[in-house]
2 protein chains.
Amino acid sequence: MIRIGIMGYGNLGRGVERAVMKNPDMEVVAVFTRRAPETLKILTEGAVVASVADAEKYVGKIDVMILCGGSATDLPVQGPQYARLFNIVDSFDTHAKIPEHFADCDAASREGGTVSVISVGWDPGLFSLNRLYGRCILPDGKDYTFWGRGVSQGHSDAIRRIDGVIDARQYTIPVPEAVKAVRRGENPDLTTREKHTRECFVVAEEGADLARIEREIVTMPNYFADYDTTVHFITKEELERDHKGIPHGGRVIRSGETSDGVGHVVEYSLTLDSNPEFTSSVLVAYARAAVRLAKEGVSGAKTVLDIPPAYLSAETGEELRKTLL
Amino acid sequence: MIRIGIMGYGNLGRGVERAVMKNPDMEVVAVFTRRAPETLKILTEGAVVASVADAEKYVGKIDVMILCGGSATDLPVQGPQYARLFNIVDSFDTHAKIPEHFADCDAASREGGTVSVISVGWDPGLFSLNRLYGRCILPDGKDYTFWGRGVSQGHSDAIRRIDGVIDARQYTIPVPEAVKAVRRGENPDLTTREKHTRECFVVAEEGADLARIEREIVTMPNYFADYDTTVHFITKEELERDHKGIPHGGRVIRSGETSDGVGHVVEYSLTLDSNPEFTSSVLVAYARAAVRLAKEGVSGAKTVLDIPPAYLSAETGEELRKTLL
């Protein structure tokens, strides 16, 4: 049995716990929290809830620690900190800072003789894999990534910070005409505005100036100004009834030619009922790979691009060749 | 520069030559043929056309030999034969015999200190990869492979062997309702007949008994009897005008749950203008991986499941992490 530790018990940590239940070769040994451990209720019978301060005591009792914190402040610290002690897997997704995070975890893992698998999930993660395969197989071509329809937590949070807003949910939506043009192999040049639209469902305070809130949303730099944005004001009840889930998804499309006029289109798409639960399932599959690499004596940081696909599986090479090649 | 040898110059060999032209870090050094070498015209300036009998003389002059023969009789012999001398890549696609072919090439490659990458292409190949990733990430689920719309060479050949048939083209077509049900996450149980239909375009001899030909096609065991098959009789001119290409494609769909009622659908699809040209492009990307593995001192047989995705690329890990993770 692969012994899993979960660091952090938010949406992602809870998703990891559920994902482990779907994998009979794994068990959750401990969940680590910054809250008072006795206040946390977990699903796994027999697993310990412990304080993050006690994590070090679990060296030798956990085969891989899955870090379920956020990329802004948690993972840049926790990655190197725990990579010295455990094999780790994280979902670090601040694209611009991946090289730095990789270097930090790599140094810590080499020091500790462990494996860190960083930036695991669907983007970065499975989408990165598909961009890579696409580019290598159709080098004379172009790739496009479309996100959605799905909830962007960052954009929802940005709306909530506006004065007079009680709650909000923001959906990122790919522009259907753009997706179709890419699928037809037209390799169009697309601006930000031409690729995605944004749709916002906002609960405002009673008597708030709705026109002002809408203006603040649609003109917000980085988040909304470069997009066509639609704002709907709804009641708190409507938000809870119609927008409770965290669905997401998207697609990576590579189109290219192998000779004049001979074109090909490769499309990889995800339709996810729950973004955190799916991301967690990817983390758990890569946790298996981390343990296998460590057993082989590998140490250092890895990403999904470095890991042989077969390492995600509990089956042997013989079984895989026979059943799914 | 990676020096490529091409063994066999049919559709696949010609596709490999074109694919190499799209990869600036590679060059075709020699094309080997069973025909009289002086009768062969190739596209690559400076490359040699040689007899298969002389292949052994190219040891040390070729980094990887891409075997472009057929799976029925060529590759079972050529794989082990050339794996003793060169790093090889092949597209062996007789699913039931892959374990045996793997063992043969593995033994030859270990003896020769080379790397054999076998069963490369899109199925087996990229579709196998997607079945693997799907199963590991959504273990509580089901996967479906649909082929087409595309030309099946084997089925077209089978029709041509019928008395009174001059030429034929057979298209494999997924049943749209089946694809839709799978995409909705219904995990249906589908019979062979419910998954694909077959459409045949047949040129018959003048005065041939068309009803008899049609009956022989639709009742042919293994090839057509288990499918709903449509037969169209057309002229030789219509066949050449409308059915000249070798398009193909298909999709692998994995659908599964991460907790009760929380479902996800992963879909990987290919739309290919030319089946052999696309397959060739996959072979060429894995040729790069074979050379890199051999340089690291690896020997033996590998499949797409064993090879780190980054090995397909000419770029460094740093570049890949920065640009596409």
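The values are calculated or read from the model by the stated rules, or taken from the named source; none is laboratory data. Please read these numbers as outputs of a predicted model, since none were measured by experiment. Neighbour counts are summed over all protein chains in view; Cβ atoms, including those assigned to glycine, are modelled from backbone coordinates with ideal geometry. Heads up: the accessible areas ignore ligands, DNA and RNA and are worked out on the full protein's heavy atoms, side chains in. Shrake-Rupley method; radii C 1.70, N 1.55, O 1.52, S 1.80 Å.
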All-but-one check, B:Glu177 against (1) more than 24 Å from B:His243 (Cα to Cα); (2) surrounded by 15 or more Cβ atoms within 10 Å (Cβ to Cβ), failing number (2)
Scanning region A:164-206 residue by residue, the ones that are of a type in the set (Val, Ile, Thr) and touching a helix residue (DSSP H, G or I) at 6+ places or on another chain (Cβ under 8 Å) total 6
(message) Among the residues that make up region A:250-265, is at least one of them part of a helix (DSSP H, G or I) and not β-branched (Val, Ile, Thr)?
(response) no
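I'm trying to understand the selection: among the residues of region B:249-262, which are more than 16 Å from B:Ser128 (Cα to Cα) and open to solvent by 20 Å² or more (accessible area, probe 1.4 Å)?
B:Glu257, B:Asp260, B:Gly261, B:Val262
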In region A:72-89, anything open to solvent by less than 10 Å² (accessible area, probe 1.4 Å), touching a residue at least 60 places away in the same chain (Cβ under 8 Å) and within 16 Å of the chain's Cα centre (by Cα) is listed as A:Ile88, A:Val89
Flagged in region B:173-201 as assigned to a helix (DSSP H, G or I), in contact with a strand residue (DSSP E or B) (Cβ under 8 Å, 6 or more places away or on another chain) and within 14 Å of another protein chain (Cβ to nearest Cβ), in numbering order, are B:Val179, B:Val182, B:Arg183
B:Glu111: passes all of (1) touching a helix residue (DSSP H, G or I) at 6+ places or on another chain (Cβ under 9 Å); (2) open to solvent by less than 30 Å² (accessible area, probe 1.4 Å) but (2)
By residue number, the members of region B:90-108 that are open to solvent by less than 60 Å² (accessible area, probe 1.4 Å), assigned to a loop (DSSP other than H, G, I, E, B) and not β-branched (Val, Ile, Thr) are B:Asp90, B:Ser91, B:Phe92
By residue number, the members of region B:17-50 that are assigned to a strand (DSSP E or B) and away from chain A (no Cβ under 14 Å) are B:Glu27, B:Val28, B:Val29, B:Ala30, B:Val31, B:Phe32, B:Thr33, B:Val48, B:Val49, B:Ala50
For region A:296-325 the number of residues that are closer than 23 Å to B:Thr94 by Cβ, open to solvent by 40 Å² or more (accessible area, probe 1.4 Å) and either among the charged types (D, E, K, R) or not in a helix (DSSP H, G or I) (or both) is 5
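Is region B:51-71 home to any residue that is assigned to a helix (DSSP H, G or I), more than 15 Å from B:Ala30 (Cα to Cα), open to solvent by less than 10 Å² (accessible area, probe 1.4 Å) and in contact (Cβ under 8 Å) with a residue 12 or more places away in the chain?
no
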Over region B:1-48, the set of residues under 25 Å from B:Gln153 (Cα atoms) and small (Gly, Ala, Ser) is B:Gly8, B:Gly10, B:Gly13, B:Gly15, B:Ala19
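Does region A:274-290 contain at least one residue that is among the aliphatic types (A, V, I, L, M), closer than 14 Å to A:Gly15 by Cβ and at the interface with chain B (Cβ under 7 Å from one of its Cβ atoms)?
yes
Kindly indicate the residue of region B:114-124 that is within 11 Å of another protein chain (Cβ to nearest Cβ) and either of a type in the set (S, T, N, Q) or open to solvent by 10 Å² or more (accessible area, probe 1.4 Å) (or both) and also farthest from A:Ala19 (Cα to Cα) among those meeting that condition.
Top of the filtered list is B:Ser119.
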Taking region A:134-157 and keeping only residues that are out of contact with any Pro (no Cβ under 7 Å at 6 or more places or on another chain), within 14 Å of chain B (Cβ to nearest Cβ), surrounded by 19 or more Cβ atoms within 10 Å (Cβ to Cβ) and over 25 Å from B:Leu305 (Cβ atoms), one is left with A:Tyr144
Check your understanding: Residues in region B:163-170: is at least one closer than 30 Å to B:Gly134 by Cβ, crowded, with 17+ Cβ neighbours inside 10 Å and modelled with pLDDT of 95 or more?
Key -> yes
From the option list B:Arg160, B:Arg183, B:Arg131, single residue qualifying as surrounded by fewer than 16 Cβ atoms within 10 Å (Cβ to Cβ), over 13 Å from B:Val231 (Cβ atoms) and not polar (S, T, N, Q) is B:Arg160
Matching residues in region A:202-213 (surrounded by fewer than 18 Cβ atoms within 10 Å (Cβ to Cβ), assigned to a helix (DSSP H, G or I) and among the hydrophobic types (A, V, I, L, M, F, W, C)) number 2
Counting only residues that are without any contact (Cβ under 8 Å) to a residue 40 or more places away in the chain, hydroxyl-bearing (Ser, Thr, Tyr) and either touching a helix residue (DSSP H, G or I) at 6+ places or on another chain (Cβ under 8 Å) or open to solvent by less than 40 Å² (accessible area, probe 1.4 Å) (or both), region A:1-49 contains a total of 2
Checked against (1) modelled with pLDDT under 95; (2) within 14 Å of chain B (Cβ to nearest Cβ); (3) under 24 Å from A:Pro247 (Cα atoms), A:Phe127 satisfies every condition except (1)
